[in-house]
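> Just dropping this structure here.
The values are calculated or read from the model by the stated rules, or taken from the named source; none is laboratory data. As the structure is a computational prediction, the values presented were derived from the model and not from experiment. Glycine also receives a Cβ, built like all others from the backbone with ideal geometry; neighbour counts cover every protein chain displayed. Keep in mind that these areas ignore ligands, DNA and RNA; they rest on the heavy atoms of the full protein, side chains included. Shrake-Rupley method; radii C 1.70, N 1.55, O 1.52, S 1.80 Å.
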Amino acid sequence: MKKGGIGTMSAIRRKFGEDYQVVNTNRGMTFCAPTKRKRQRFVEKNGRCNVQHGNLGGETSRYISDLFTTLVDLKWRWNLLIFILTYTVAWLVMASMWWLIAYIRGDLNRGGHDASYTPCVANVYNFPSAFLFFIETEATIGYGYRYITEKCPEGIILFLFQSLLGSIVDAFLIGCMFIKMSQPKKRAETLMFSQDAVISQRDGKLCLMFRVGNLRNSHMVSAQIRCKLIKSRQTPEGEFLPLDQCELDVGFGTGADQLFLVSPLTICHEINSRSPFFDLSQRSLMNEQFEIVVILEGIVETTGMTCQARTSYTEDEVLWGHRFLPVMSLEEGFFRVDYSQFHNTFEVPTPPYSVKEQEEKSSLTSPNPLPVAPTPSSPPTGNGGRGSRRGRLLSADHADNAEDQSAKLPSKLQRMSSTREEQLWRGGKSGVALPGGKASSTGDLPLSIQRLRSSSIPAARQGGRPEEQVQLLSLDGDAEEAELERHKPPAAISAITTPNPGSFAGGRPEDNLPPKLRRMNADR
């Protein structure tokens, strides 16, 4: 069995190459593709920006103009070297000046032998003694053996200059060391970020998530988190933008970016149409190249100084379909955080499609909404509105709408209306011959037009009457109101005198006039 396994391994390596490995999992033997070569990061995992400035030319003088910040930004080994060298050189220079004064005045030759001679500095005979005098003066030790006398005005001036120079050097170097030691950069070491970011669904939405935690009991005041997407792109005009920065929304509009960082929190970026990852799917994630830079800022509670912690996630560190393990547990009287599970994740069912693809798929499968008919506006009042109501009533669409609304009448009125409609329907089917020899059928007309037509036909059948009276119901727009108007006196009745349409079919129009008018016309 072992030989067979070795033979299989050799065959696989001959076929696929030495870079491929065979790994044992619960599902059996699978092939593992070679891992990607680690590419250059813009921001390291510890927050250090991987950027170097070169070819500054004459701009290096700007560093000297801001000497204090330059010293603070240096590494510790260079700060210690500058600190030691500055004090050593200052001490040697000042000691040499005291020795030079003693040499010029002749104190080195006569001071130790002539008791009546008053030197500039007592008991200074050589350079070591001058150096010890400077150290005693600078450090305010004052042993009392070496001291300056009143017979040396140049020594008094040098003593004042030494005091001023020593104070300036002490303030500069000690202040620089204090600022460097109290920098909040080390506070960022106790702020943790998860090793990987995950993409999974939360509240039915696809989200990019990562975890952040605080190892200290002291809080971060006004903690705020921001995310930047670093990705090269090309504009529609053809301009190439290397390392273009794009903002990732982690709750700026809702205030979710303001953190109460007492326990580990999971920061969530919702992937929607405004997100740069709108068209990112599980398959396209393998071919993408981007970097997500996370910046956490806050005020250190103990020192009151602003602290900033940074990290980054490349496309290889974004896990699709994973979720973080819970780290909080309830103990007796307190909550316990298990940081051993801080970086661990587990797989969850997640669709491998992008949000863009899911929206397109849902739009194709959803039925089309039915069109909604516009609501007719209320009819105007007065004489001007009467003509518009009459035109709307005679239109076929409004008549159909009136028939639909008649179904809302009470049962008694519905029966009366149905009986009336049945009679009109039967009369319309039989066909009514209008004067002039034209046949008409009202079965295909709406209910309101049928009523007007049926009321005008009997008057047209009466012979020998040149005029007819047609009663029009008050047109208020609804069929229910027209039915109710039949049982009470009409609201508005107008007499309209119209010529008999059948009388013009036989001969001239003068033959239809009354006899008196025909005689007057003939005399004229």
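> With in contact (Cβ under 8 Å) with a residue 60 or more places away in the chain, under 17 Å from Ser200 (Cα atoms) and of a type outside the set (S, T, N, Q) as the only criterion, which of Ile267, Ile271 stands out?
Unique residue meeting the criteria: Ile271.
> To continue, here is another question. Under the condition of being within 12 Å of Asn126 (Cα to Cα) and open to solvent by 50 Å² or more (accessible area, probe 1.4 Å), which residue from the range 98-108 is farthest from the chain's Cα centre (by Cα)?
From the range 98-108, those within 12 Å of Asn126 (Cα to Cα) are 98-103, 106-108; that's our starting set.
Those still in the list that are open to solvent by 50 Å² or more (accessible area, probe 1.4 Å) too: 99-100, 103.
Details: Trp99: 72, Leu100: 72, Tyr103: 77 Å.
My answer is Tyr103.
> Those residues that are touching a helix residue (DSSP H, G or I) at 6+ places or on another chain (Cβ under 9 Å) and either farther than 17 Å from Thr311 by Cβ or at pLDDT below 85 (or both), I need them from the range 34-52; list them, please.
Selection gives Thr35, Lys36, Lys38, Arg39.
> Right, Ala95: surrounded by 13 or more Cβ atoms within 10 Å (Cβ to Cβ) and more than 24 Å from Lys185 (Cα to Cα) or not?
For Ala95, the condition - surrounded by 13 or more Cβ atoms within 10 Å (Cβ to Cβ) and more than 24 Å from Lys185 (Cα to Cα) - is met.
Residue by residue, here is whether (1) of a type in the set (Ser, Thr, Tyr); (2) in contact with a strand residue (DSSP E or B) (Cβ under 8 Å, 6 or more places away or on another chain); (3) open to solvent by 80 Å² or more (accessible area, probe 1.4 Å) holds:
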residue: Phe83; (1), (2), (3): no, no, no
residue: Ala115; (1), (2), (3): no, no, yes
residue: Asn123; (1), (2), (3): no, no, no
residue: Phe127; (1), (2), (3): no, no, no
residue: Cys152; (1), (2), (3): no, yes, no
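> Only one of these is in contact with a strand residue (DSSP E or B) (Cβ under 7 Å, 6 or more places away or on another chain), outside any strand (DSSP E or B) and loosely packed, with under 13 Cβ neighbours inside 10 Å: Ser263, Ser232. Name it.
Going through Ser263, Ser232 in turn, the sole match is Ser263.
> Restricting the search to the range 49-68, which residues are in a helix (DSSP H, G or I), surrounded by fewer than 12 Cβ atoms within 10 Å (Cβ to Cβ) and without any contact (Cβ under 8 Å) to a residue 40 or more places away in the chain?
Selection gives Gly57, Gly58, Glu59, Thr60, Ser61, Arg62, Ile64, Ser65, Leu67.
> Sticking with this structure for a sec: Here are Asn272, Asn287: which of them is within 24 Å of the chain's Cα centre (by Cα) and outside any helix (DSSP H, G or I)?
On the way: Asn287 fails: within 24 Å of the chain's Cα centre (by Cα).
Step by step, each of Asn272, Asn287 is checked, and only Asn272 is within 24 Å of the chain's Cα centre (by Cα) and outside any helix (DSSP H, G or I).
> Hey, any hits in the range 212-222 for a residue that's over 37 Å from the mean Cα position of the chain (by Cα) and in a strand (DSSP E or B)?
No, the range 212-222 has no match at all.
> Separate question: What are the residues in the range 309-344 that are in contact with a Leu (Cβ under 8 Å, 6 or more places away or on another chain) and either closer than 20 Å to His219 by Cα or open to solvent by 40 Å² or more (accessible area, probe 1.4 Å) (or both), if any? Reasoning before the result, please.
Going through the range 309-344, the residues in contact with a Leu (Cβ under 8 Å, 6 or more places away or on another chain) turn out to be 309-310, 315, 318, 320, 336, 339, 341, 344.
Hits for the range 309-344 are Ala309, Arg310, Arg336, Tyr339, Gln341, Asn344.
Each row is one residue, and each column tells you yes or no for (1) crowded, with 17+ Cβ neighbours inside 10 Å; (2) part of a helix (DSSP H, G or I); (3) without any contact (Cβ under 8 Å) to a residue 40 or more places away in the chain.
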{"site": "Ile156", "(1), (2), (3)": "no, yes, yes"}
{"site": "Gln162", "(1), (2), (3)": "yes, yes, no"}
{"site": "Leu165", "(1), (2), (3)": "no, yes, no"}
{"site": "Lys180", "(1), (2), (3)": "no, yes, no"}
{"site": "Leu243", "(1), (2), (3)": "no, no, no"}
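> OK, next. Going through the range 213-229 one residue at a time, which ones are of a type in the set (Val, Ile, Thr) and either open to solvent by 70 Å² or more (accessible area, probe 1.4 Å) or within 26 Å of Phe290 (Cα to Cα) (or both)?
Scanning the range 213-229 gives a single hit, Ile225.
> How do the pairs read when you match residues in the range 350-366 that are within 18 Å of Met209 (Cβ to Cβ) with residues anywhere that are of a type in the set (Phe, Trp, Tyr), using Cβ under 8 Å and keeping only pairs 6 or more apart or on different chains?
Once the first residue is within 18 Å of Met209 (Cβ to Cβ) and sits in the range 350-366, its partners that are of a type in the set (Phe, Trp, Tyr) give Thr350/Trp320; Pro352/Trp320; Ser354/Phe277; Ser354/Phe278; Val355/Phe277; Val355/Phe278.
> Let me ask another. Within the range 186-207, track down each residue that is in contact (Cβ under 8 Å) with a residue 24 or more places away in the chain and of a type in the set (Lys, Arg).
Here is the first cut: in the range 186-207, the residues in contact (Cβ under 8 Å) with a residue 24 or more places away in the chain are 187-188, 190-202, 205-207.
Of everything in the range 186-207, those that are in contact (Cβ under 8 Å) with a residue 24 or more places away in the chain and of a type in the set (Lys, Arg) turn out to be Arg187, Arg202, Lys205.
> Taking the condition of being open to solvent by less than 60 Å² (accessible area, probe 1.4 Å), closer than 30 Å to Asp338 by Cβ and assigned to a strand (DSSP E or B), how many residues in the range 245-260 meet it? First the steps, then the outcome.
At the first step, the residues of the range 245-260 found to be open to solvent by less than 60 Å² (accessible area, probe 1.4 Å) are 246, 248, 250-251, 255-257, 259.
Going one step further and asking which of them are closer than 30 Å to Asp338 by Cβ, we end up with 248, 250-251, 255-257, 259.
Applying the additional criterion that residues be assigned to a strand (DSSP E or B) yields 248, 259.
So the answer is 2.
> Another one. Within the bounds of the range 294-308, is there any residue that is open to solvent by less than 40 Å² (accessible area, probe 1.4 Å) and closer than 17 Å to Arg202 by Cβ? Before you say what the answer is, go through the steps one by one.
Going through the range 294-308, the residues open to solvent by less than 40 Å² (accessible area, probe 1.4 Å) turn out to be 294-296, 298, 300, 307.
Subset that is closer than 17 Å to Arg202 by Cβ: none.
Taking every residue of the range 294-308 in turn, none turns out to be open to solvent by less than 40 Å² (accessible area, probe 1.4 Å) and closer than 17 Å to Arg202 by Cβ.
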